[in-house]
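One structure is given below, encoded as structure tokens.
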Amino acid sequence: MTITSIAPCVGTCSCHSKTPSIESLLPTDGSKLLRHLASQLHHSVCAVDQNLGHLEEELLRGGQEVFRQMLEKAAQQKSEAAPPLCPHCQNKLSRVTSGHWTTIQTRFGAVRVQRARGYCKRCRKWRFPADDLLGLPEEGTQSPGLQEMAALTVSKMPATEAEQVIERLAGVKISAATLGRQARQQGERAQEKRTHLDQQMSQPEGRAQQERDLQLQLPLEPFTLVIELDAWNIRERDHWGQSETLRKKGEDPSRWHWVYGGTCFRLSQRAQTAGGRSVILSRGYAMTRGGVDALREQLWAEAMRHGLGRANEVLIVVDGAVWIWNLAGDRFPGARQQVDLWHVNQHLWAVAHTLHPDDEAAARAWVEPLLAKLQEDASCEVITELEQLRERLEGPRREQVDKEVNYLQTHRERMDYGTARKRGEPLGSGAMESTCRQYQVRFKRTGQYWSQEGDEALMCLETFRRNGRWDLLFPHAKEIDPSKN
Ligand SMILES: [Zn+2]
């Protein structure tokens, strides 16, 4: 292969290097292609039963070849500009030869590109430096645009649906199987990146570097960091095809597994929309199938990015599950803990229904003053009242009330709702609960099974997007705005 003659850049771009001319990027027979496109448009213009949608469609389908050719030429020029260095270790490659063809699937159709190949003595591997420059993984044939399409759609909907949506909206035909595989690969790449970022956060030098890289902006004035946690379950096929055998052996082929999640935000980021709905302007997310330990590390790193190291107060709001309090005490020592108000309300309602099983009005009349007291920061009074009530009961009713009194006593220190209200802090973990529901829309569909690796990969993609780090995976896609979650 001969290297294209290098002409200086004559465009208005800011490149100071010598690159091939702008004209060299125009499609072969460009005017013929455009003329053909115009004639297609002309048909639509003349057809009385066709509207603007038909014109858009003509351009989307008909314009593909123009863009495909331009992309192929540009990709070829980029390939030729790749320095003969190993993309992994930057070592100079030896035995470099050129003219190695590859076919890349792109959003405008397949393009063919020739590139150089060289041997890296350090890695002991053959390398194609151009592939790295073009954003292709080793042996990968899907362009970054298609990688992103697969990642974005399959983390939102089943691959069979994604196939139809992509074909309809982008005019690109990719099979559901390819989309699923591609999304999974991207998810695994996201997981690797997350691990790297989280480890970097645990080192002081790494932390300073990451604050610069991610442009994390923390306020100078004192602030409260709020952390909320929750869990939900997911269906996985870990004993696929073995259910009957397991059941015969008397074992339970359990398929529901826990997903653990957390969110964090500065209190000052809580605002109200014009319609009075409460929103959080900037927040961090962690969601994992990897167990409580994985969540602890992911959430800690995310909380650090949102100011954990500098907050003058940390508030943890959750429902009453034991794993959460262990995690909170372990990774966020010194944080003020608060149990979700609505969760406590449910416990009081349970007592009300024990006392008045057949009389809803009486149950309500009994519970309402207590619910009000709870909000007015008189949780001690509520507990004392229940303790006194318990003494007057016998049998199963007493056992029932006993259980609820124990619950309230356990969380006595975590029910300071009056103070929380005065400070404008959340009384419950509703923000996290609604986040969990949003994940469930994708990961908990009827009749849907997941493998543990598969769901962790896709969940990681969703979390990357929510955390505003989509561009770390797809640098061409800078415009995604995480505050629109
Ligand atoms: Zn190397």
* Asked: Any idea what angle helix 52-62 forms with the longest principal axis of the chain, computed on alpha-carbon atoms, 0 to 90 degrees, nearest 10?
  -> 60 degrees
* Structure fact -> Over segment 245-388, with neighbouring protein chains present, the accessible area per residue in Å² at probe 1.4 Å is 47 Å²
* How large is ³J(HN,Hα) for each residue in segment 354-362, as worked out from phi by the Karplus curve 6.51 cos²θ - 1.76 cosθ + 1.60 (θ = phi - 60°), to whole Hz, x for Gly and Pro? -> 5, 6, 10, x, 10, 9, 4, 5, 5
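Which longest run of the chain has no exposed loop site in it, a site being chymotrypsin sites (Phe, Trp or Tyr not before Pro) in a DSSP loop with at most 15 other beta carbons within 10 Å, and the site itself not part of the run?
Details: sites that count: Trp240, Tyr449.
For chymotrypsin sites (Phe, Trp or Tyr not before Pro) (loop position, at most 15 other Cβ atoms within 10 Å), the longest site-free span of the chain is 1-239.
Compute the length gained on full extension between Ser202 and Trp342: take 0.36 nm times their separation in residues and subtract their Cα-Cα distance, giving the result in nm to one decimal. Could the numbers behind the result be given before it?
Working: separation 140, 0.36 × 140 = 50.40 nm, distance 3.49 nm.
Between Ser202 and Trp342, full extension yields 46.9 nm more.
Under the 0.36 nm per residue contour assumption, what length would be gained going from the current alpha-carbon distance of Ala372 and Asn233 to full extension? Provide the component values of the computation, followed by the final result.
Values: separation 139, 0.36 × 139 = 50.04 nm, distance 3.28 nm.
Full extension of this stretch gives 46.8 nm more.
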* Between Ala362 and Gln438, with labels modelled 7 Å along Cα→Cβ, what's the label distance in nm to one decimal, could you check? => 4.5 nm
* Asked: With the dipole of the chain worked out from charges on the C-beta (+1 for Lys and Arg, -1 for Asp and Glu) around the Cα centre, which of Ala431, Ile280, Thr106 lies farthest toward the positive end?
  -> Thr106
* Structure fact -> Helix 159-170 sits off the longest principal axis of the Cα atoms of the chain, rounded to the nearest 10 on a 0 to 90 degree scale, by 50 degrees
* Asked: Please report, for the Cα atoms of segment 328-387, the Rg to one decimal and the Dmax as a whole number; what are they, in angstrom?
  -> 14.3, 45
* Structure fact -> The long-range amide H neighbours of Gln142, using H built 1.01 Å from N in the peptide plane and a cut-off of under 5 Å, are Gln105
* Where does the longest stretch of the chain lie that holds no GluC sites (Glu not before Pro) found in a DSSP loop with 13 or fewer other Cβ atoms within 10 Å? -> 1-137
* Overall Cα dimensions of the chain - principal axes, largest extent first, Å -> 95, 62, 59
* Asked: Between Ser94 and Cys380, 0.36 nm times their residue separation minus their Cα-Cα distance comes to what?
  -> 95.3 nm
* Structure fact -> Along segment 455-472, Karplus-curve 3J(HN,Hα) (6.51, -1.76, 1.60; θ = phi - 60°) to the nearest Hz, with x for Gly and Pro, reads 6, 5, 5, 5, 5, 5, 4, 4, 5, 4, 5, 4, 7, x, 10, 4, 5, 6
* How many angstrom lie between the C-alpha centres of segment 258-305 and segment 40-108? -> 39 Å
* Structure fact -> Stokes-Einstein, Kirkwood over Cα pairs, segment 306-440, 37 °C, 0.692 mPa s; D in µm²/s equals 202 µm²/s
* Relative packing of peptides 73-79, 30-36 - highest average C-beta neighbours within 10 Å first -> 73-79, 30-36
* Structure fact -> Amide H neighbours of Ser21 at under 5 Å, excluding residues fewer than 5 places away on the same chain, with H built from the backbone geometry, are Ala7
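Determine the relative contact order of segment 365-471: mean sequence separation of Cα pairs under 8 Å and six or more apart, normalised by residue count, in whole percent. It would help to have the intermediate numbers written out before the result.
Working: 37 pairs, mean separation 23.3, N = 107.
Here the relative contact order equals 22 percent.
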* Asked: In debye to the nearest 20, how big a dipole does the chain give about its Cα centre with +1 on each Lys and Arg Cβ and -1 on each Asp and Glu Cβ?
  -> 2220 debye
* Which is farthest toward the positive dipole end of the chain among Ala116, Asn326, Leu214, measuring Cα position about the Cα centre, with Cβ charges +1 (Lys, Arg) and -1 (Asp, Glu)? -> Ala116
* Per-residue HN-Hα couplings for segment 258-270 [Karplus 6.51, -1.76, 1.60; θ = phi - 60°; Hz; x = Gly/Pro] -> 7, 10, 10, x, x, 9, 9, 7, 7, 4, 5, 8, 7
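Given a cut-off of under 8 Å on Cα pairs at least six residues apart, what relative contact order in percent is computed for the chain?
On the way: 670 pairs, mean separation 59.0, N = 485.
Relative contact order, the chain: 12 percent.
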* Structure fact -> As a percent rounded to 5, the proportion of antiparallel DSSP bridges among beta bridges in the chain is 75 percent
* Structure fact -> Here the equivalent ellipsoid of segment 41-122, derived from its Cα gyration tensor, has semi-axes (largest first, whole Å) of 43, 10, 8
* Structure fact -> Heads up, segment 120-216 by the C-alpha gyration tensor (a ≥ b ≥ c square roots of eigenvalues; a/c under 1.5 rounded, else a/b over b/c prolate, else oblate) looks oblate
* Structure fact -> Residues meeting the amide H criterion for Phe223 (H placed from the backbone, H to H distance under 5 Å, 5 or more places apart or on another chain) are Asn312, Glu313
* Structure fact -> So the FRET efficiency between Asp416 and Gln215, C-beta based with R0 = 41 Å and rounded to 0.05, is 0.70
* Structure fact -> Here, Asp29 and Gln50, labelled 7 Å along Cα→Cβ, have an inter-label distance in nm of 2.1 nm
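Ignoring any ligand, DNA or RNA, what whole percent of the accessible area of the chain comes from carbon and sulfur when the probe is 1.4 angstrom? Write out the running numbers ahead of the final one.
On the way: 13460 of 26180 Å².
Reported share for carbon and sulfur atoms: 51 percent.
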* **Label zone at Glu65, where the point sits 7 Å out along the Cα-to-Cβ direction: segment 72-105 residues whose backbone N lies under 17 Å** => 72-73
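The values are calculated or read from the model by the stated rules, or taken from the named source; none is laboratory data. In this text the structure is predicted, and so the values were computed from the model without any measurement. Using ideal geometry, Cβ is built from the backbone for each residue, glycine included, and neighbour counts are taken over all protein chains shown. Accessible surface is based on the protein model in full, side chains and every heavy atom, while ligands, DNA and RNA are left aside. Shrake-Rupley method; radii C 1.70, N 1.55, O 1.52, S 1.80 Å.
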